[in-house]
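Notes to accompany the following structure.
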Amino acid sequence: MARKIQQVVAIGAVAGLAVAALFGFQQPKAPAAGQKAPEFTLASSKGGKVSLASLRKNGSVFLYFIKPGCPVNHDAIPFYNRIYSAHKNKANFVGVISSDKAGYDKWQKEYKSPYPVLLDPDKKVIKQMGAQRSPWVIEVKKDGSIGKVWKGYSVAMLKELNADLVRGGGAKGAKVDVSKAPANSTFG
């Protein structure tokens, strides 16, 4: 009897995958480095609307994609908060959270992010940018093309991000201790 149930479940799973492939129910392909980033406008957690074009006016913008409740993102947030704070608010670093204002407020109460956060409750921008996991950071250059994409976080990734923020106009010589971050890229 148990074997029969396993067979039915396996057949159902294969059939579901086949239907999804047939009808194209797949994550949109993320733009690759050098390709044009999709333009967007999202609500800001502080009120009003913010466009990607307006964010790029001062150079590269680093979009940090946040999924509330993700345990890996929970562990990563303090590193992103420290990095942003070390740049004395000069870094063009913006969070994009998969939540509405009420969800953001709850998240913000716990994590106290110092950087601006945009709201993407329907995950439209998250999907367009191909941010499949959390944490995920994408650099969009001043010309609108994708720069670097960091899937997950690690000591090396955080050091590279910090250096790129300095290059992009952040505080010169900003140093952040990321030694307690994972050695290998980790994401939820």
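Can you sort 107, 136 from fewest to most other Cβ atoms within 10 Å of each residue's own Cβ?
Fewest-to-most ranking of 107, 136: 107, 136.
Enumerate the residues in the stretch 75-108 having an amide nitrogen under 19 Å from the point lying 7 Å beyond the Cα of residue 180 toward its Cβ.
Under 19 Å, as judged by backbone N against the label point of residue 180, lie 75-87 of the stretch 75-108.
With respect to the cross-link table entries 148/180; 36/180; 46/159; 49/148; 57/124, which display a Cα-Cα separation exceeding 31 Å?
36/180
Rounded, prolate or oblate: which fits the stretch 47-117, taking a ≥ b ≥ c as square roots of the Cα gyration tensor eigenvalues, rounded meaning a/c under 1.5, else prolate when a/b beats b/c?
Oblate shape, in that a/c is at least 1.5 and b/c is the bigger or equal ratio.
With a/c under 1.5 counting as rounded, go ahead and sort the stretch 31-167 into rounded, prolate or oblate using the C-alpha gyration tensor (a ≥ b ≥ c being the square roots of the eigenvalues; past the cut-off, prolate if a/b is larger than b/c, else oblate).
rounded
Would you mind calculating the gained length between residue 100 and residue 145 on full extension (0.36 nm times residue separation, minus the Cα-Cα distance), in nm to one decimal?
My answer for the length gained is 13.5 nm.
Rule-based calculations on the coordinates, nothing more; no lab input. The structure presented is a predicted model; accordingly, all values stated were derived computationally and were not measured. Note: ideal-geometry Cβ built from the backbone for every residue, glycine included; neighbour counts use all protein chains shown.
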